[in-house]
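Structure record follows, encoded as structure tokens.
The values are calculated or read from the model by the stated rules, or taken from the named source; none is laboratory data. It should be emphasised that the depicted structure is a prediction, and the values quoted were computed from it without experimental measurement. Here the Cβ positions follow ideal geometry from the backbone for every residue, glycine too, while neighbour counts run over all protein chains shown.
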Amino acid sequence: MVKKTVLSLSLISILLGGCTIASAPTPSETSASVSDADLEAAYDAYQAVLETYVDADGLVDYVALQQNRGQLDQFNGAIAVVSDDTYNSWTEADQIAFWVNAYNSLTLASIIDQEPIRDIKDIVGVWRIRQHPIQGQSKTLDNIEHQTLRVDFNEPRIHAALVCAAISCPLLRNEPFRGENLDAQLEDQVQTFLAKADGFRIDQAEGKVYLSTIFQWFGEDWIPTYGVDSGFAGNASEQAVLNFISNYVSAEEKAYLEAGDYQIIYLDYDWSLNVQS
């Protein structure tokens, strides 16, 4: 019986091995804590990655990054060993920036870890199984987004900053998020995302408002700050989302959204890799 159990566990490990490999040493393999100077150097390295391999349209040169991944690995190695004392000393904005950067950088690593490089949905377990060492823990990408960012912070604008390597995602910024600049960076991300054809648009002639599916998936995140009792079309989540969006449109479009006389349509999500052609 024992031999059969060991064999079964070994087989499971082999089957899942390709999607559970961490992109840096696991927390149990190191007890070191990154110094402030080394963490700052790692942020500089990550900025160099974004400046070098991400273009103005948020598309990534994954092939070149795969061949020159040292600076990305430097950043991911540093965030793996940030101590609790260091993390707890940061402002909320610093903490949000940390997790958003971690999600985006670990997504980049998840793509270039594949040979050949392929669309993110073709990577088995990329969101829920593949473990990454971060802040002395092991987390999946879903853990970072759904159990940390969405739970610990009331900041729905993160959904315009988290980039899952797909065309319909928000654009990947060519600089890291920083606590001292976070509000301005998130505002810019929202405006850029809403300007995308697959982000948001109004067609008054058709009586339709088109929204990214991101707003359907995570609409509840806007309710605490932007929930309303009247005006706007849709259910409670949709009304909150449209109330939020109304702050980024013209006065005429804001009045149209508030009137609520339109149909909400969710746009198809393009999961193709956000790769430079």
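One table, with the values for the structure above:
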| read-out | value |
| --- | --- |
| Options G227, G199: the member that is under 22 Å from H146 (Cβ atoms) and either surrounded by fewer than 19 Cβ atoms within 10 Å (Cβ to Cβ) or in the same structural domain as V63 (by TED's automatic domain parsing) (or both) | G227 |
| Among residues of segment 154-184, those that are touching a residue at least 60 places away in the same chain (Cβ under 8 Å) and either closer than 20 Å to I245 by Cα or of a type in the set (D, E) (or both), counted | 15 |
| Residues within segment 109-129 that are part of a loop (DSSP other than H, G, I, E, B) and among the polar types (S, T, N, Q), tallied | 1 |
| V241 being part of a loop (DSSP other than H, G, I, E, B), under 28 Å from the mean Cα position of the chain (by Cα) and either among the hydrophobic types (A, V, I, L, M, F, W, C) or closer than 16 Å to K208 by Cα (or both) | no |
| Test for R118: is it surrounded by fewer than 22 Cβ atoms within 10 Å (Cβ to Cβ), closer than 19 Å to F218 by Cα and either out of contact with any helix residue (DSSP H, G or I) (no Cβ under 6 Å at 6 or more places or on another chain) or at pLDDT 95 or above (or both) | no |
| The listed residue being within 25 Å of the chain's Cα centre (by Cα) and part of a loop (DSSP other than H, G, I, E, B), out of D261, D229, D270 | D270 |
| Near pairs, Cβ below 8 angstrom, 6+ apart or cross-chain, from segment 101-126 (under 16 Å from N76 (Cα atoms)) to any residue that is acidic (D, E) and surrounded by fewer than 21 Cβ atoms within 10 Å (Cβ to Cβ) | A109/D73 |
| Test: residue in segment 24-43 that is at pLDDT below 95, touching a strand residue (DSSP E or B) at 6+ places or on another chain (Cβ under 7 Å) and within 30 Å of S272 (Cβ to Cβ) | yes |
| Top-ranked residue in segment 185-222 [being of a type in the set (V, I, T) and within 26 Å of R173 (Cα to Cα); ranked as nearest to the chain's Cα centre (by Cα)] | I214 |
